[in-house]
Amino acid sequence: MAPPAGQHGTGQHHPGLPADGARTTPLAQAALGAVGDGLSGARTGLAAAADADWVSVAADRYRAVLADVLADVTRLTSARWSAHGPVLRHTSAADATRDDVAAARRAAVWEFPFP
Amino acid sequence: MSDQDAPLAGVTVIGGAGGTSAHLDDLDAAAAALERAADLLDASAHAAHDVAELVEEAAAWSPATAPLARVLTDPLVDPWRGARAAAASVRATAAALRTAADLYRRADLDVAGRLRNGGILAGSVLGEAGPVAWLAVGALAAVGAVGVAIHVTSVRALQYTPGVGGLVLRGLGAGPLAGASGPVGWVSRLYGGPGLVPSGLGPPTVGTVETLVPGMSSFLLAAGPGRSHLLGRDPVPLAAASIGNGTRVATLLLGTPTSGLLMTRAIQAASSRPPERAPQGMGDVLDDVHARYPDPHSPGAGGLPGSVGVQRLDHSDGSASWVVTIPGTEEWSPLAGQNPLDLQTDLDVVAGRPDDATELVTRAMIAAGVPPDEPVLLAGHSLGGIVAMEMAQDRAFQERFSVAAVLTAGSPVGAGESADLPPGVQTLHLEHEQDYVHGLDGRPNGDRPRSTTVRADLGRAPWVSDPTSAGSPVQAHAASGYAETARAIEGSDHPSIQAFEAAVGRVLGTSGHAPVVSSSTSTYVGVRVP
């Protein structure tokens, strides 16, 4: 999923140096969004499946299994919301550090003006 | 499944919107929803894995914020409690649900199929064995029946003796044992209870008739000259075709052979109600079907022989709809006569051959000017019900007319029932437990989401006006009795009956549809001509 180091962003790539720009954060944001969308869609599907008009001992077991899975999905949804802020703060911090390092290295390296 | 919820005492509803088949379709739909949910959870797990990778990639640049992000991401990618594990669990549940639906379907087919095939095989073997074997088997059956009767009455007589045996037998017939299900209850009812004859004995049920008919048909076919090849074939239509050939030959030799059908419009409309009053429900429609029968007790009274009715209903919104009423067999002579609603047509319809009743109804609808886009309710009793179902499932008829619903009463429609009904068409089949006619095709009505069978036990039904109908298969088959049953179930809250009434309401202008402001009925009479 994550591109190799130095290939993120839109800035010019310098071999041996990390690329500049905020790169990990948008990717993390998109991935967290996909996690939430999947969990939300799954919850809707599970609720529809639980509505089947079926009355028997097996049906009771089926509903118990679905209730467990729905509880798991609820727990995962909650975990996803808990992770959202800290993960984005972490990737933003990493992106900022990477940008700082890239800027510092760029300033320290003299580039030959001719191709 | 909850399709056996009785809307009234003595009434069983099979199939339709609330039937097992509809419920099994619900299970399939639920399984599909679970599979989609599993796919979404898998996608979610994949995205969570990406998040974890990004957290690790960023950890090298921001080690201080990494532990918290890592701890909070872990539950999403946990192999045992994460999204992937939930997806696996949901997928397994979907597979189990599909298996359960298949098992329900197979259980129904297995029991019915084995009984039917066993009867066909036994009838075929006996038929091929020849007259000596028939006599031997008949004699053995008679001796066996007499032996069983002597044994049962002797044992039951012991309950009137003062000994221990009498005490045990008196105990068998009383209390919870007699009401128990399975072998214990069966033995209790056979040997216990008052009198020398078990109380449950009586005429065979329609279920027994339905089971015996394929065997009897295969016997009939196998008893004829040459070898019969019945493997994988339904012997009932083949037997009907054979008997039909016989009646044709008999008509040729002893009667007046006919060459075609003449149809004419009658001047006087036959109706049990004023012609300007439109039918309000299933009961009224079946009253109209009943009114088409000639009165056997007073010639000239009742409906015209060989007639069908086509009623046009004009609604308040300017639309129109049609009700076609088709009576059953009116002539039982084995020789085909002038009336197209006779035994010859019965045999042709069951055999799947072109028949005069279908021809008459089609021509009547064309003559009445029924357009292809206006909804039609086909209603028939006995033979008329088979004709109505055959027409509704015919592709050419479907292109010409727009059938909204089919109502049959006492009609053997189990064999002719297929999946060829156009979408949106609802059918309802009324059957009395004490009526044998609807079992003569040898197949119970299927459980389909748009096909409802309402079976009424006249011995327990509170609405029956003629108490003798429960003890007589002939009375139980009467169209007037079916009209009473139809009226009794009108307005039921059973989902299958409600779905049918909604379809009928479109034609009759009830159930919230634009009401009928005027109606006119035309009667068409069919006559076979030499």
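Sorting the segments B:333-344, B:152-163 by their residues' average number of neighbouring beta-carbon atoms within 10 angstrom, most packed first, yields B:333-344, B:152-163.
Label sites at B:A396 and B:A149, each approximated as a point 7 angstrom past Cα along Cα to Cβ, lie 5.3 nm apart. For the protein assembly as shown, the normalised intensity computed at q = 0.06, 0.08, 0.11 Å⁻¹ comes to -0.54, -0.77, -1.12 (log10 of I(q)/I(0), Debye sum over alpha carbons, equal scatterers, no solvent).
Distance distribution note for segment B:258-411: the fraction of Cα pairs above 29 angstrom is 12%.
When chain B is described by a simple charge dipole with +1 on each Lys and Arg Cβ and -1 on each Asp and Glu Cβ, the residue from B:P340, B:G302, B:P257 located farthest towards its positive end is B:P257.
As a ratio to 2.2 N^0.38 Å, the alpha-carbon radius of gyration computed for segment B:363-480 takes the value 1.13. If you average the sequence gap of Cα pairs under 8 Å that are 6 or more apart and divide by the length of chain B, what percent do you get for the contact order? With pairs under 8 Å counted, the relative contact order is 20 percent. Of the three principal axes defined by the Cα atoms of segment B:409-478, the extents in descending order read 40, 23, 16 Å. Output the 0 to 90 degree angle, nearest 10, between the alpha-carbon long axis of helix B:131-157 and the longest principal axis computed from the alpha carbons of chain B. Computed tilt is about 80 degrees. At q = 0.12, 0.16, 0.17, 0.21 Å⁻¹, what is the base-10 log of I(q)/I(0) for segment B:18-100 according to the Debye formula with one equal point scatterer per Cα and no solvent? Please give it to two decimals. Values returned for q = 0.12, 0.16, 0.17, 0.21 Å⁻¹ are -0.49, -0.67, -0.71, -0.88. Hydrodynamic analysis of chain B uses the Kirkwood radius over alpha carbon pairs. Inserted into Stokes-Einstein at 10 °C and 1.306 mPa s, it gives a translational diffusion coefficient of 59 µm²/s. Taking one quarter of the surface of the convex hull spanned by the alpha-carbon atoms of segment B:324-376 gives a direction-averaged projected area of 4.3 nm².
Against chain B, whose longest principal axis is taken from its Cα atoms, helix B:235-254 shows a tilt of about 20°.
Over all other residues within a Cβ to Cβ distance under 14 Å of B:E359, the charged ones net out to -2, with Lys and Arg as +1 and Asp and Glu as -1. About its Cα centre, the protein assembly as shown has a charge dipole of approximately 1100 debye under the convention of +1 per Lys or Arg Cβ and -1 per Asp or Glu Cβ, with nothing else charged. Here the gap between B:A514 and B:R353, fully extended at 0.36 nm per residue and compared with their Cα-Cα distance, gives a gain of 54.0 nm.
Rounded to the nearest 20, the Cβ-based charge dipole of chain B about its Cα centre (Lys and Arg +1, Asp and Glu -1) stands at 1480 debye.
Compared with the dominant Cα axis of chain B, that is its longest principal axis, helix B:66-77 is turned about 20°.
Rule-based calculations on the coordinates, nothing more; no lab input. Quick caveat, the model's predicted, so the values are computed rather than measured. All Cβ positions, glycine included, derive from the backbone under ideal geometry; neighbour counts span all protein chains shown.
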